[in-house]
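So the structure is just underneath, and the comments pick up after that.
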Amino acid sequence: MVVSEYSRSEVEAKTKRIDGDTHYTLTLDYKELQDLIPRAKMAEAQDMMWRDGERFANPNGVRADVGGRVGNVGAPKSTEGDPTRNPDARVEQIKKLGFDYGILICNTAMPAPLRPADKPVWLRSALAQLYNNASAELQATHPDHFICHATVPWDDLEFSIQELQRVKKLGLNNVLIAGSYMNQNLDAYELYPFWEAVTDLDMTCFVHDTPQPCGGTILHHSTPYPMVGWERYERLHIGTYVGFGIDYAVAAASLTLGGVLDEFPGLRFVFMEGGALWMQYAMAGSDRSFFIEPACSRTRNRPSELMLEHFVTEVQGLEPVEAIVMGMGSKNLFMSTDFPHPEFQALPNDTSDITDKPGLSDQDKANILGGNLARFLKV
């Protein structure tokens with residue numbers, strides 16, 4: 001952790017560097033689903049996994065594990081040396097990139113909890129338990145390098161709360177959510193029991209919208225679930241690179257102006273893959289609403305101050321980091337590589353992008369490279 005009185009060497013020694021947004025594919029044993037799916041749904045589940053397995057998991061692995069109804073299925077590929085699937089190789093990759101810890105986004109097979117039409121809730125609930133068990137085990141194998149999270153079928157709030165209570169005992173202290181809830185803002189009253197559970201369990205919310213895929217034609221790209229303005233994102237592939245920030249700005253406004261942070265002052269949010277510039281826009285716009293239209297606000301606290309207390313957001317390649325720090329300070333920023341996704345492949349995102357900035361103090365650099373996340377995640 002970072003201390004207030006420090007020398008440069010003391011800061012570097014005491015601050016763990018945390019890669020704040022990376023992606024990892026869990027190796028899952030789908031036979032364990034037999035113990036997680038309601039018995040009455042087992043036959044239906046086997047048929048669904050047989051027909052639709054390719055859509056949410058490794059089709060060969062599912063077919064081999066569920067009933068053995070296909071012959072001549074090849075053995076799954078070895079994960080040895082693959083940092084996207086092998087934990088030891090991932091540790092080496094984390095070190096290679098200059099970090100001590102990596103936050104691993106692990107819910108590849110169920111990309112968004114807000115898509116109930118994709119799979120029935122009983123199946124997604126079972127999958128959530130399967131993923132969470134594997135994530136907790138993964139974190140436990142390398143506690144000095146991996147920070148994992150829980151995933152929940154968010155449209156079933158009762159189960160989601162129960163699952164948070166269960167995974168907390170397994171050592172997972174973070175839960176992945178999106179910037180909206182069932183096409184509603186995050187101040188929806190239905191979410192209050194969820195926020196209460198997150199607060200009581202002292203968990204941190206990872207906010208990571210689902211990236212816009214490259215499916216379909218090159219001209220038209222579907223957006224996986226409703227973000228603010230999603231109906232206008234199918235061209236130009238701006239759903240991820242512009243849409244995330246817009247969605248997060250509305251989420252931040254709803255959490256602050258909507259009174260959620262007044263009601264649950266222990267909530268902490270880590271906004272991923274949307275950059276950092278959106279937060280200043282959200283702060284200014286929400287403050288204007290607060291002062292100009294006070295009758296429409298549910299909070300008595302200035303929204304920008306609430307955001308600075310409860311939010312950290314990711315600095316991405318190409319952003320003017322020094323100017324952002326000049327405008328809002330460095331205590332709400334963190335860096336990530338987005339390994340191994342396109343941002344990692346195409347943009348400058350080495351730790352030197354922070355350490356080589358002459359306009360940043362040593363304390364600023366320490367904050368962005370890990371100090372802020374360590375504070376929010378309590379590691």
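The values are calculated or read from the model by the stated rules, or taken from the named source; none is laboratory data. These numbers were taken from a predicted model, which means no experiment stands behind them. Please note: Cβ atoms are built from the backbone with ideal geometry, for glycine as well, and neighbour counts cover all protein chains shown. Please note that ligands, DNA and RNA were not included when accessible areas were found on the heavy atoms of the full protein model with its side chains. Shrake-Rupley method; radii C 1.70, N 1.55, O 1.52, S 1.80 Å.
Summarise the accessible area of region 304-379 (1.4 Å probe, protein heavy atoms) by the percent that is carbon and sulfur.
That share works out to 56 percent.
List the residues whose amide H sits under 5 Å from the amide H of Leu333, counting only those 5 or more places along or on another chain, with H placed 1.01 Å from N in the peptide plane.
Residues meeting the amide H criterion: Thr313.
Which value, in Å², gives the accessible area per residue of region 199-241 when a 1.4 Å probe is used on the protein heavy atoms?
Result: 54 Å² per residue.
For a quick check: with amide H placed at 1.01 Å from N, whose amide H comes under 5 Å from Ala150's, ignoring anything fewer than 5 positions away on the same chain?
Asn174, Val175, Leu176
When we measure straight from the Cα of Lys119, which aspartates and glutamates land under 17 angstrom away, once same-chain ones fewer than 8 places off are left out?
The reachable aspartates and glutamates, counting only those whose Cα sits under 17 Å from Lys119, are Glu44, Asp47, Asp52, Glu54, Asp155, Asp156.
Mind checking the alpha-carbon convex hull of region 216-273 and giving the volume per residue in Å³?
Per-residue hull volume (Cα only) is 80 Å³.
Across region 260-275, in residue order, what do the Karplus-derived ³J(HN,Hα) couplings come to in whole Hz, using 6.51 cos²θ - 1.76 cosθ + 1.60 with θ = phi - 60° and x for Gly and Pro?
For region 260-275, the Karplus curve yields 4, 6, 6, 6, 10, x, x, 5, 9, 10, 10, 8, 10, 6, x, x Hz.
Pop out the ³J(HN,Hα) list for region 25-33 in order, Karplus 6.51 cos²θ - 1.76 cosθ + 1.60 with θ = phi - 60°, rounded to Hz; leave Gly and Pro as x.
9, 5, 8, 10, 9, 6, 5, 5, 4
Provide the gained length on full extension for the span Lys95 to Glu137, in nm with one decimal, where the gain is 0.36 nm per separating residue minus the Cα-Cα distance.
Value of the extension gain: 13.0 nm.
Could you sort out which of Lys95/Lys378; Lys331/Lys357; Lys16/Lys357; Lys96/Lys365; Lys16/Lys96; Lys169/Lys365 sit more than 25 Å apart by Cα distance in this structure?
From Lys95/Lys378; Lys331/Lys357; Lys16/Lys357; Lys96/Lys365; Lys16/Lys96; Lys169/Lys365, over 25 Å: Lys169/Lys365.
Glu263 versus Asp35, label points 7 Å from Cα toward the beta carbon: distance in nm?
If labels sit at Glu263 and Asp35, their model points lie 3.7 nm apart.
Could you tell me, in Å, what Rg and Dmax come out for the Cα atoms of region 209-355?
Every Cα atom of region 209-355 included, Rg and Dmax give 16.4, 48 Å.
What are the ³J(HN,Hα) couplings of region 191-198, residue after residue, when phi is run through the Karplus curve with 6.51, -1.76, 1.60 and θ = phi - 60°? Round to Hz, x for glycine and proline.
7, 4, x, 5, 4, 4, 5, 4
Determine the relative contact order of region 275-350: mean sequence separation of Cα pairs under 8 Å and six or more apart, normalised by residue count, in whole percent.
Taking the mean separation of contacting Cα pairs over the length of region 275-350, I get 32 percent.
Whole Å is fine, so just give me how far the alpha carbon centre of region 244-323 lies from that of region 117-158.
27 Å
Please work out whether region 151-294 counts as rounded, prolate or oblate from its C-alpha gyration tensor, where a ≥ b ≥ c are the square roots of the eigenvalues and a/c under 1.5 means rounded, while otherwise a/b larger than b/c means prolate and anything else oblate?
oblate
Give the peptides 290-303, 341-354 in descending order of average Cβ contacts within 10 Å, highest first.
Per-residue Cβ counts within 10 Å, averaged per peptide and sorted highest first, yield 341-354, 290-303.
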